[in-house]
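Let me begin by presenting the structure, written as structure tokens, before commenting on it.
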Amino acid sequence: MTRLNHIVRFLASNWKLTAGLTILLALILFGALGPVLISEEQLQLGAGGFTKPPTADHPLGTDTSGRDMLALMVYGTPVTLKIGLIAGLVATLAGVFLGIASGYLGGWFDELVRSAADVMMTIPAIAVLVVISSFTRDMSIELMGSIIALFAWPYTTRAIRAQTLSMREHGFVRMAKISGQSDLEVILKELMPNLLPYIAAGFVSAVSSGVLASVTLQLLGLGPLSKPSVALVLNLAFNYAALLRELWWMWMPPTVILIILFIGLFLTSMGMDEIANPRLKGARAK
Amino acid sequence: MGLSVGYVIRRIAMFLVVIWVAATINFIIPRLVPGDPIQTMLAHMAQTERIENAAAITQELRATYGLDAPIQEQYARYILNSFRFDFGLSLNQFPTKVGDLVLRAMPWTIGLLATTTLLSFGLGTLMGALLVWRGTPRWAQVMLTPFTFFAAVPYFLLAVVFLYLFAYVWKILPTGGVATAGAKAEWTLAYVGDVLQHFILPAAAMALAGLGNWMLGIRGMMVTTIGADYLNLAYAKGLTDRRIFFRYALRNAMLPQVTSLVIALGHIVSGAILIEVIFTLPGIGNLLYRSIGFLDYPMIQGITFVLVVSVAFSVLLLDLFYPRLDPRITYTRK
């Protein structure tokens, strides 16, 4: 009970995080519960007339190949979320491992990780992603997420490394070392719990940049083509000049869902930052 | 000026390493993909149009990739050609060189994006700083806050919404392109005005989307600066609020912003591919988009290489000039 109270009070004190998580949860539910109402058959080509405006049968109309737009949104939203989640997860795992190791151990390993991260950060991810995905025409969702993570790990690694570095000199870490704990114990028992807010903040921003990268690629017509994703539907709308032809139901639903998704990620990210860097909270002149 | 020869050499070496990595990725990836990329390319080309010069294209591609030579020789030649910016001929516009097409598209991209980046940097920095400054009137702070939320929405979504509202619903601005169809490209007032009118929407979308990020960036730094002792001293001396804001607070809080600006200028080409697609502008981004649609591999590789080089170059410049901007940073030792 007190724990619940604690959580409620915490969420009330950080409205950005609360609003952001609520939006993301709503999108997850949209993708999870939608299939109960709309069958996957609606995704088949020519399922409901070609390029038809909304009717009772197809509340958001159909696209140029006759797929139901609402079904595309319901089945496409989780695809976009999943790519971002995989990218964020891989980048965070790599960041935690490499960041702690290089910050705690230092020496040549630190030098190596830092140089690799510096080089990777200088290469614009989108350029290499375009090359990779234009050669592997139809990749899996997992592969795309992992490739995107390849360019996100330097950021998480750097953030975790910096925190590890400053924490390493704190009294409680020295104390643990003096009392005979092994390096692994110090890392797991002393550093990890204190790094958690930073790891969580890094995870959220890695997911955000993962979603952004995947959406950008798919709007260019790259990435997994076998599963419909929200961004791929919008790419189709671009290709068919949906704006010019006044087919508003083709471009508006994916645009709106993507805007909602990015606002949710942004608010969550801002809320996480306030936890990781409390000084930013309410940063406005009194 | 706080730079040692060793440091400069290391930075330049780093720049070369980045370019080398990018060229190597360009070399390796086509070779990792199963199947013969040349046959794939030709098959794809045959789908979209009749190919009469298939033999010439095959030969050209074999020469570009030097596929008959041993692999290490292929690699050496590829890296050398990359450094000379020779990526062979475009498949889409066949006998034209990749480099020529990129050069032709470049001015549009840089013209639009450098302007909008500088504009949103200037405005965003000032607005973000005022957001946390205690001399700012309350109403102004309330007015400024909503702009930070533009940081949430990526520029291309903002662009779609703007395009719909201003060009299709209200019909007050053109729907795309750089000039009215049929207009003669010459240095007349009418033509320049026409182009500028076409630039309003894409520029507004890019600038607004960037604005929020600049505001958030300076806000964080201003919060740190506001507590500094030298500001209290400036107040104690009785300096005007305006002077303290510009000369003492903003000037010091701006350093990380300048870093980001240089990086952002390096990223303008890669960061705005979709704006050119949405507004059908003839820049690098649109060229890349069409090359992807056509699987014009030499073109794709050439453009992505330009993207990498421009970012790496701006980072190099930054590293070499930063000690001048911020005297606290010296690289004379280590």
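Does at least one position in region B:246-269 carry a residue that is under 16 Å from residue B:122 (Cβ atoms), open to solvent by less than 40 Å² (accessible area, probe 1.4 Å) and either outside any helix (DSSP H, G or I) or within 11 Å of another protein chain (Cβ to nearest Cβ) (or both)? Within region B:246-269, one or more residues are under 16 Å from residue B:122 (Cβ atoms), open to solvent by less than 40 Å² (accessible area, probe 1.4 Å) and either outside any helix (DSSP H, G or I) or within 11 Å of another protein chain (Cβ to nearest Cβ) (or both).
Just to be sure before I move on: is residue A:60 touching an Asp or Glu at 6+ places or on another chain (Cβ under 9 Å) and buried (at least 17 other Cβ atoms within 10 Å of the Cβ) in the structure I sent? Yes; evaluated as a whole, the condition is true for this residue. When A:223, A:264, A:210, A:202 are checked against the criterion of being closer than 30 Å to residue A:99 by Cβ and outside any helix (DSSP H, G or I), A:223 stands alone in meeting it. Within region B:118-127, the set of residues being crowded, with 19+ Cβ neighbours inside 10 Å and of a type outside the set (Gly, Ala, Ser) comprises B:121, B:125, B:127. Residues in region A:154-176: is at least one without any contact (Cβ under 8 Å) to a residue 60 or more places away in the chain and within 30 Å of residue A:229 (Cα to Cα)? Yes, region A:154-176 has at least one match.
What tally of residues in region A:35-46 results from selecting those that are part of a helix (DSSP H, G or I) and either under 21 Å from the mean Cα position of the chain (by Cα) or among the aliphatic types (A, V, I, L, M) (or both)? Write out each step before concluding.
Filtering region A:35-46 down to residues part of a helix (DSSP H, G or I) leaves A:35-37, A:40-43.
So of that shortlist, the ones also either under 21 Å from the mean Cα position of the chain (by Cα) or among the aliphatic types (A, V, I, L, M) (or both) come out as A:36-37, A:43.
Counting residues in region A:35-46 that are part of a helix (DSSP H, G or I) and either under 21 Å from the mean Cα position of the chain (by Cα) or among the aliphatic types (A, V, I, L, M) (or both) gives 3.
Which residues, taken from region B:128-160, are more than 7 Å from chain A (Cβ to nearest Cβ), touching a helix residue (DSSP H, G or I) at 6+ places or on another chain (Cβ under 9 Å) and open to solvent by 30 Å² or more (accessible area, probe 1.4 Å)? Across region B:128-160, the qualifying residues are B:130, B:135, B:145, B:147, B:149, B:150, B:155.
The numbered conditions (1) in contact (Cβ under 8 Å) with a residue 12 or more places away in the chain; (2) among the β-branched types (Val, Ile, Thr); (3) surrounded by fewer than 18 Cβ atoms within 10 Å (Cβ to Cβ) are all true for residue A:23 except (3).
I want to confirm something. Restricting to region A:118-170 and keeping residues that are in a loop (DSSP other than H, G, I, E, B) and of a type outside the set (A, V, I, L, M, F, W, C), which single residue is nearest to the other protein chains (Cβ to nearest Cβ)?
Residues of region A:118-170 that are in a loop (DSSP other than H, G, I, E, B), as a first pass: A:123-124, A:136-140, A:150-152, A:169-170.
This time we only want the ones that are of a type outside the set (A, V, I, L, M, F, W, C), so: A:124, A:136-138, A:140, A:169-170.
Working: A:124: 4, A:136: 6, A:137: 8, A:138: 12, A:140: 15, A:169: 20, A:170: 21 Å.
Only one residue tops the list, namely A:124.
Going residue by residue through region B:291-309, is there one that turns out to be open to solvent by 40 Å² or more (accessible area, probe 1.4 Å), outside any loop (DSSP other than H, G, I, E, B), farther than 19 Å from residue B:264 by Cβ and facing another protein chain (nearest Cβ under 8 Å)? Within region B:291-309, one or more residues are open to solvent by 40 Å² or more (accessible area, probe 1.4 Å), outside any loop (DSSP other than H, G, I, E, B), farther than 19 Å from residue B:264 by Cβ and facing another protein chain (nearest Cβ under 8 Å). Residue count for region B:128-152, restricted to those that are under 23 Å from the mean Cα position of the chain (by Cα) and either within 21 Å of residue B:259 (Cα to Cα) or part of a helix (DSSP H, G or I) (or both): 6.
Out of all the residues in region A:223-235, which are touching a Gly at 6+ places or on another chain (Cβ under 9 Å) and of a type outside the set (D, E, K, R)? Break it down into steps so the answer makes sense when it comes.
Within region A:223-235, the first condition is being touching a Gly at 6+ places or on another chain (Cβ under 9 Å), and the residues that meet it are A:227-233, A:235.
The answer is A:228, A:229, A:230, A:231, A:232, A:233, A:235.
For region B:161-208, the set of residues classified as open to solvent by 80 Å² or more (accessible area, probe 1.4 Å), in a loop (DSSP other than H, G, I, E, B) and either touching a Pro at 6+ places or on another chain (Cβ under 6 Å) or more than 20 Å from residue A:247 (Cβ to Cβ) (or both) consists of B:172, B:181, B:182, B:184, B:185, B:186, B:187, listed by residue number.
Matching residues to (1) without any contact (Cβ under 8 Å) to a residue 60 or more places away in the chain; (2) among the hydrophobic types (A, V, I, L, M, F, W, C); (3) under 24 Å from residue A:263 (Cβ atoms):
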| position | (1), (2), (3) |
| --- | --- |
| B:184 | yes, no, no |
| B:201 | no, yes, yes |
| B:214 | no, yes, yes |
| B:228 | yes, yes, no |
| B:237 | yes, no, no |
| B:240 | yes, no, no |
| B:262 | yes, yes, no |
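For region B:78-105, name all the residues that are among the aliphatic types (A, V, I, L, M), in a helix (DSSP H, G or I) and open to solvent by less than 40 Å² (accessible area, probe 1.4 Å). Selection gives B:79, B:98, B:101, B:102, B:105. In region B:107-116, the count of residues that are surrounded by 13 or more Cβ atoms within 10 Å (Cβ to Cβ), at pLDDT below 75 and among the aliphatic types (A, V, I, L, M) is zero. None of B:300, B:273 is within 19 Å of residue A:221 (Cβ to Cβ) and more than 12 Å from the chain's Cα centre (by Cα) except B:300. Does residue A:130 satisfy the criteria of being touching a residue at least 60 places away in the same chain (Cβ under 8 Å) and crowded, with 17+ Cβ neighbours inside 10 Å? Yes.
The values are calculated or read from the model by the stated rules, or taken from the named source; none is laboratory data. Model, not experiment: these values are computed from the prediction. Cβ: placed from backbone, ideal geometry, glycine included. Neighbour counts: every protein chain shown. Accessible surface areas use protein heavy atoms only, side chains included; no ligands, DNA or RNA. Shrake-Rupley method; radii C 1.70, N 1.55, O 1.52, S 1.80 Å.
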